[in-house]
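The values are calculated or read from the model by the stated rules, or taken from the named source; none is laboratory data. The structure displayed is predicted, hence computed values, not measured ones. Cβ placement follows ideal geometry from the backbone for every residue including glycine, while neighbour counts extend to all protein chains displayed.
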Amino acid sequence: MGTLRVWMNGVEVALWDDVRSGSPRLSYMDPWIRSAQFRPLSLSLPLLPEGESHRGTVVNDYFDNLLPDNIAIRNRIRDRFATRSSDTFDLLEAIGRDCVGAVQLLPPSRTPGDIQRITFEPLNDSGVAEVLRQVTTSALPGTSSSDDAFRISIAGAQEKTGLLLHDGQWCIPTGSTPSTHIFKLPLGIGGNMRADMHQSVENEWLCMHLLAAFGIPVADTQMGRFEDQGALIVERFDRRLAADRTWWLRLPQEDMCQVFGLPAARKYESDGGPGIVAIMDLLRQSEQPEDRATFFKTQILFWMLAATDGHAKNFSVHIDAGGRFRLTPVYDVLSVYPILGRGPNQLDPHNAQLAMAVEGKNPHRKLHLVRRRHWNETARACGVADGAEPWIEALIAAVEPAIEKVTRQLPRDFPASVSEPIFKGLRAAAARLSSMAPDA
């Protein structure tokens, strides 16, 4: 049996026992339970009656969702850190020092050390480029092979890593200092249709700025180039500089697979994951009353932007003291407009579909089958008596101002092969909505 201690900002909060021949177990620590700052690791792992522990797949699924769900990336982590296997426990034993949210995972013999200071190895542009090159190899970024080495776990299917921005300089965080930014590499050729997503960095940057122009809270992004390496740089909203500016706090959060106690394999609604109605129902309990409107408007915009990957792992909640929660900013948004077509490395427009279906006589996911009435029926299924009309009208009216605003923000060398199809598709979706009757 292996054990990892679970820490949040220097406080030991739980023990995770990986019982390989039986059921994994999670036990909250008594001092943490009695703390005014107590919150569960996950809404799917609430406080149990005294002396009881969580057991079984819900425990493993929570921790497994902290890891990349791409098996090739997991295998590279296994090789890079020479772990026993690519199983959840073995990988997080090696790289659980800096996870999404506030969690740090350490063996019983170790503690996080002094979290209230910032330690790092500074990088110049060449150093950042080398870190990015090594993301897709089995080499360890940085120069150290000690226990202080660069060890980070970021969920998702895309190649990415994390760095610290300190006093305007990129750094490898060391000790208990967390990363503050995620660097996402271009996707390249991928998916069953072998679609060409070499411009995914520019695509995501544009989608995020468009969503922000519509008033949707999003993760701050910028495009960066370091020698021959390009990346989308995403500011982490699960990190915050302490008031005295001497250390970085980790902010508890989890994605919707973790919220619902599901494995990453069920992140898509079609595979048994949560859909719009389930998440809207959850958000009735949010500390932010506007979260339901934000989430629903985001779904409409995903259809308008042909953003087809809005699955459960791409929505998250912050977890506050006592288990209160609120929606995080939106992240990981890509449009398929630039790759729609019937040629090589393109996606047939009739096959493009949403990750979460809208309601009708039957659920509808395919973009070309979604009608205005489906948004209204879905809103009413979520308990919005008047349907989605106020949101639809507001989004239609905001299309041209949003495009104009983002056009002014475009770098001079931004590829027209990304911006033109996305702007054209967005305008066409707005025109389609405008031409449809609310219930026809």
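Please list, ordered by residue number, the helices (runs of 4 or more DSSP H) wholly in region 185-296 having 1 or more residues that are farther than 19 Å from Cys99 by Cα and of a type in the set (A, V, I, L, M). Full working, then the answer.
Numbers: elements: 200-213, 256-259, 276-282.
Per the criteria, 200-213, 276-282.
Exactly one condition in (1) under 21 Å from Glu159 (Cβ atoms); (2) touching a residue at least 12 places away in the same chain (Cβ under 8 Å); (3) surrounded by fewer than 19 Cβ atoms within 10 Å (Cβ to Cβ) is not met by Val131; state its number.
Of everything listed in (1) under 21 Å from Glu159 (Cβ atoms); (2) touching a residue at least 12 places away in the same chain (Cβ under 8 Å); (3) surrounded by fewer than 19 Cβ atoms within 10 Å (Cβ to Cβ), Val131 misses just condition (3).
Considering each residue of region 342-384, count those that are polar (S, T, N, Q), touching a strand residue (DSSP E or B) at 6+ places or on another chain (Cβ under 6 Å) and over 23 Å from Ser435 (Cβ atoms), and give that number.
Our first condition is that a residue be polar (S, T, N, Q); within region 342-384, this holds for 345-346, 351, 353, 362, 376, 378.
Among the residues that remain, those that are also touching a strand residue (DSSP E or B) at 6+ places or on another chain (Cβ under 6 Å) are: 345, 353, 378.
After this cut, where a residue has to be over 23 Å from Ser435 (Cβ atoms) as well, the list is 345.
Residues in region 342-384 being polar (S, T, N, Q), touching a strand residue (DSSP E or B) at 6+ places or on another chain (Cβ under 6 Å) and over 23 Å from Ser435 (Cβ atoms): 1 in total.
With respect to Ile396, determine if the residue is assigned to a helix (DSSP H, G or I) and farther than 18 Å from Leu206 by Cα. Give the steps one after another, and end with the answer.
On the way: assigned to a helix (DSSP H, G or I): yes; farther than 18 Å from Leu206 by Cα: yes.
Considered against the rule, which asks whether it is assigned to a helix (DSSP H, G or I) and farther than 18 Å from Leu206 by Cα, Ile396 comes out as yes.
Those residues that are touching a strand residue (DSSP E or B) at 6+ places or on another chain (Cβ under 8 Å) and surrounded by fewer than 21 Cβ atoms within 10 Å (Cβ to Cβ), I need them from region 91-109; list them, please. Break it down into steps so the answer makes sense when it comes.
Taking region 91-109 as the starting set, the residues that turn out to be touching a strand residue (DSSP E or B) at 6+ places or on another chain (Cβ under 8 Å) are 92-93, 96-108.
Selection gives Glu93, Leu106, Pro107, Pro108.
Would it be correct to say that Phe81 is surrounded by fewer than 18 Cβ atoms within 10 Å (Cβ to Cβ) and either closer than 25 Å to Phe315 by Cβ or among the charged types (D, E, K, R) (or both)?
The answer is no for Phe81.
Suppose the filter is at negative phi and either at pLDDT 95 or above or within 16 Å of the chain's Cα centre (by Cα) (or both); does Gly261 pass it?
Working: at negative phi: no; either at pLDDT 95 or above or within 16 Å of the chain's Cα centre (by Cα) (or both): yes.
No; evaluated as a whole, the condition is false for this residue.
If a residue must be free of Cβ contacts under 8 Å to residues at least 60 places away in the same chain and either under 20 Å from Ser270 (Cα atoms) or not assigned by TED's automatic domain parsing to the domain that holds Thr308 (or both), how many such residues does region 364-411 contain?
Qualifying residue count, region 364-411: 6.
Gly323 is checked against (1) crowded, with 22+ Cβ neighbours inside 10 Å; (2) over 22 Å from Ala213 (Cβ atoms) and fails just one. What number does that condition carry?
Here Gly323 meets the rest and fails (1).
With the condition kept exactly as written, say whether any residue in region 324-333 is of a type in the set (S, T, N, Q), within 17 Å of Val418 (Cβ to Cβ) and out of contact with any Gly (no Cβ under 8 Å at 6 or more places or on another chain).
No: region 324-333 contains no residue that is of a type in the set (S, T, N, Q), within 17 Å of Val418 (Cβ to Cβ) and out of contact with any Gly (no Cβ under 8 Å at 6 or more places or on another chain).
Looking at (1) closer than 30 Å to Ala102 by Cα; (2) more than 26 Å from the chain's Cα centre (by Cα), which one does Gly323 not meet, given that it meets all the others?
Just one mismatch for Gly323, condition (2).
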